[in-house]
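The values are calculated or read from the model by the stated rules, or taken from the named source; none is laboratory data. Given the structure is predicted, the values throughout are model-derived calculations rather than measurements. For neighbour counting, all protein chains shown are included, and Cβ atoms are generated from backbone atoms with ideal geometry for every residue, glycine included. Quick note on the areas: whole protein, heavy atoms, side chains included, nothing else; ligands and nucleic acids left out. Shrake-Rupley method; radii C 1.70, N 1.55, O 1.52, S 1.80 Å.
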Amino acid sequence: MIKSLSISNYALIRDIALELDPGFNVITGETGAGKSIILGALGLLQGKRADGRSVTTTDSKSVVEATFDMDPDTAAAVDALLADASVDSMGRSVALRREITPAGRSRALVNGQPVSLTLLRDIASLLVDIHSQHKNLLISDPAFQLSVLDNIADNADLIGSYHTVYAEYRKALRIYADTRDSIEATRADADYLQYQLDRLKAANLVAGEQADLEAQRQELESAASAGEHLVEAADALSWDDTNAVQCVDRAIAALSMVSDSSAQRASLLERLETLRVELADISDSVADDASSVREDPHTLEAIDARLSQLYALLSKHKAESVEELIATRDSLAERLDNLAGADTILASLKAEAVELKRRALAVAASLTERRTIAARQLERLLIEKATPLGLKNLNCEVRITTGKLNPDGADTVDYLFAFNKNQQLAPIGTTASGGEISRVMLVLKSILARHMHLPTIIFDEIDTGVSGDVASRMGNLMAEAGANMQVITITHLPQVAARGDAHFKVYKRDDDTSTFTSITRLNPDGRRTELAAMLSGRPDDPAALAAADSLLISSK
């Protein structure tokens with residue numbers, strides 16, 4: 001239930017705050033007073049589109065906030081949504097807030113923490129239902145029609161059991177179909193699959209082989225390149241006709257001819273002889289290294305051939321590694337091996353699906369039985385409660401047609417109505433006026449209020465087009481629903497307004513510069529004069545005041 005509601009700087013509303021009762025709350029006011037503005041503000045808490053033009057003054061934002069008290073089941077459902085979004089819970093209470101800037105940007109908050117508009121919408125759907133004329137289309141929705149029966153029949157546990165076994169049946173059916181298709185495909189391609197398997201087996205695949213061969217190939221290629229460079233170095237040092245050692249020998253021979261003539265030349269000769277020894281040693285080392293390099297072109301050729309075979313298989317089977325080829329080989333072998341026992345496998349899977357279908361049909365049959373009982377009960381209640389609302393010739397049938405299994409059982413439900421004696425039963429959308437549909441929806445929701453935890457419901461002038469005794473009966477029905485849930489009704493009918501547990505009046509006020517909307521909770525005297533004004537247009541009319549007193553007394 002809505003415990004409190006505050007709206008500021010929104011359209012004609014400067015700042016209002018009200019505390020609502022848990023039962024039947026009525027809101028009255030002259031046409032144009034601003035009742036629809038309050039509904040629009042509540043719509044923002046339901047995640048509806050924000051519009052910066054609704055911000056009254058551009059120096060501050062619009063704010064709509066409501067605090068809700070929840071029953072344990074609703075609190076658990078809300079807490080689950082909050083936990084998924086990492087938003088703190090407030091236990092049995094939750095606060096929804098929407099802020100709109102003059103530029104039209106909006107922010108949603110739950111329990112003071114920013115949230116997505118989707119989360120705000122999901123939470124609000126559990127807390128409040130604004131029922132206006134367009135909501136009357138809901139009665140033609142097959143899912144809503146079925147949910148009404150299930151709630152009257154108290155089918156929640158049975159539906160849970162059905163959903164479980166139906167999901168298992170659908171899974172078993174899918175596994176059977178996939179396996180059958182796979183086996184049929186394997187049989188059709190058996191020769192080709194055997195050919196692929198034979199090639200993979202003939203390849204004698206070894207895990208890790210590709211990496212090892214590539215490493216060996218790299219090593220052999222490196223050896224060949226190193227041998228070439230070592231030979232080139234040996235040639236330059238001592239093997240070519242004009243090598244470094246011979247050049248130094250010639251320099252030593254020439255310098256030795258003049259080394260006795262000066263100490264400097266003798267020193268140069270000594271240095272050259274040391275260089276000759278070092279060059280000879282280097283030349284020998286390079287020659288030894290060059291002779292130790294063993295090129296193996298035959299092994300390299302064999303490795304290249306094996307790698308080419310592996311690369312071709314990898315490309316053929318769109319694999320990334322030899323390990324994947326091995327997995328493909330084993331999978332092909334398993335598929336071909338399974339052909340021998342395919343009929344046994346399929347028979348077992350089919351038997352499992354058939355058994356699960358039998359169980360699902362049994363639960364669906366129980367649902368059908370309970371829904372049929374609920375349908376007769378609903379027909380009786382609809383006629384019983386709608387007839388006093390001016391629908392004295394109402395006839396209705398809740399028709400259940402049983403067919404194939406579906407996610408909700410095996411039933412298709414149709415609500416058929418006739419509002420006149422000479423009228424054939426037909427879907428309500430083709431046979432009823434807007435006012436008639438509104439009254440049927442009111443009856444349905446009053447019935448549901450006894451059987452399930454409904455969110456706060458707000459009726460937006462659902463009593464339009466009725467008057468007199470019918471209006472009184474509609475008020476009684478809303479009050480009856482208010483005994484089980486919070487009902488808020490916007491009405492122009494004094495007969496309905498008199499039945500409220502709490503009565504709020506929406507009105508306009510003027511100051512020096514503007515007109516704005518306010519709302520106040522009426523005390524007993526205020527209710528009396530408001531009802532008199534609704535009856536006659538004059539709050540001080542003695543006859544109207546007497547009639548108001550009569551309405552208030554009869555409503556107790």
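Provide a single number: the residues in the stretch 178-194 that are of a type outside the set (Val, Ile, Thr), surrounded by 13 or more Cβ atoms within 10 Å (Cβ to Cβ) and within 36 Å of the chain's Cα centre (by Cα).
2
Which pairs do you get when a residue that is more than 17 Å from residue 191 (Cβ to Cβ), found in the stretch 312-333, comes within reach of a residue that is acidic (Asp, Glu), reach meaning Cβ atoms under 6 angstrom, with the pair 6+ apart or on two chains?
Matching pairs, first to second residue: 322/209.
Going by the conditions given, is residue 353 in contact with a Leu (Cβ under 6 Å, 6 or more places away or on another chain) and among the hydrophobic types (A, V, I, L, M, F, W, C)?
yes
Could you pull out the residue among 390, 434, 409 that is within 37 Å of the chain's Cα centre (by Cα), touching a residue at least 12 places away in the same chain (Cβ under 8 Å) and on the phi > 0 side of the Ramachandran plot?
The match here is 409.
For residue 319, work out the one condition from (1) surrounded by 16 or more Cβ atoms within 10 Å (Cβ to Cβ); (2) modelled with pLDDT of 80 or more; (3) closer than 20 Å to residue 239 by Cα it doesn't fulfil.
Here residue 319 meets the rest and fails (3).
List pairs: first in the stretch 197-219 and without any contact (Cβ under 8 Å) to a residue 24 or more places away in the chain, second part of a helix (DSSP H, G or I) and surrounded by 13 or more Cβ atoms within 10 Å (Cβ to Cβ), Cβ under 9 Å, 6+ apart or cross-chain?
These pairs meet every condition: 211/322.
Does the stretch 352-371 hold any residues that are open to solvent by less than 60 Å² (accessible area, probe 1.4 Å) and of a type outside the set (Lys, Arg), and which are they?
353, 356, 360, 362, 363, 364, 365, 366, 367, 368 - these are the residues of the stretch 352-371 that are open to solvent by less than 60 Å² (accessible area, probe 1.4 Å) and of a type outside the set (Lys, Arg).
So residue 385 fits all but one of (1) of a type outside the set (Ser, Thr, Tyr); (2) more than 33 Å from the chain's Cα centre (by Cα); (3) open to solvent by 60 Å² or more (accessible area, probe 1.4 Å); what number is the exception?
(3)
What are the pairs, 6+ residues apart or on separate chains, where a residue within the stretch 474-486 that is touching a residue at least 60 places away in the same chain (Cβ under 8 Å) and within 7 Å of residue 499 (Cβ to Cβ) has its Cβ under 6 Å from a residue that is of a type in the set (Val, Ile, Thr) and in a helix (DSSP H, G or I)?
475/496
In the stretch 3-50, what residues are over 25 Å from residue 533 (Cβ atoms) and among the acidic types (Asp, Glu)?
15
When you scan the stretch 1-119 for strands (runs of 3 or more DSSP E) that lie fully inside it, which ones turn up with 2 or more residues that are closer than 30 Å to residue 510 by Cα and open to solvent by less than 50 Å² (accessible area, probe 1.4 Å)?
Because the criterion is at least 2 residues that are closer than 30 Å to residue 510 by Cα and open to solvent by less than 50 Å² (accessible area, probe 1.4 Å), the strands (runs of 3 or more DSSP E) in the stretch 1-119 that meet it are 2-10, 13-19, 24-28, 62-69, 93-100.
Which residue out of 282, 326 is more than 49 Å from the chain's Cα centre (by Cα) and surrounded by 15 or more Cβ atoms within 10 Å (Cβ to Cβ)?
Just one listed residue meets the conditions, 282.
Between 88, 71, which is at pLDDT below 90, of a type outside the set (S, T, N, Q) and under 21 Å from residue 121 (Cβ atoms)?
Result: 71 is the single residue among 88, 71 that is at pLDDT below 90, of a type outside the set (S, T, N, Q) and under 21 Å from residue 121 (Cβ atoms).
Within the group 377, 424, which residue is out of contact with any Cys (no Cβ under 6 Å at 6 or more places or on another chain) and either in a loop (DSSP other than H, G, I, E, B) or within 30 Å of residue 28 (Cα to Cα) (or both)?
424 is the lone residue from the list that is out of contact with any Cys (no Cβ under 6 Å at 6 or more places or on another chain) and either in a loop (DSSP other than H, G, I, E, B) or within 30 Å of residue 28 (Cα to Cα) (or both).
For the subset of the stretch 481-510 comprising residues that are open to solvent by 60 Å² or more (accessible area, probe 1.4 Å) and charged (D, E, K, R), which member is farthest from residue 550 (Cα to Cα)?
Filtering first and then ranking leaves 510.
Pick out the one residue from 312, 305, 374 that is at pLDDT 80 or above and surrounded by 17 or more Cβ atoms within 10 Å (Cβ to Cβ).
After ruling out the rest, the residue left standing is 374.
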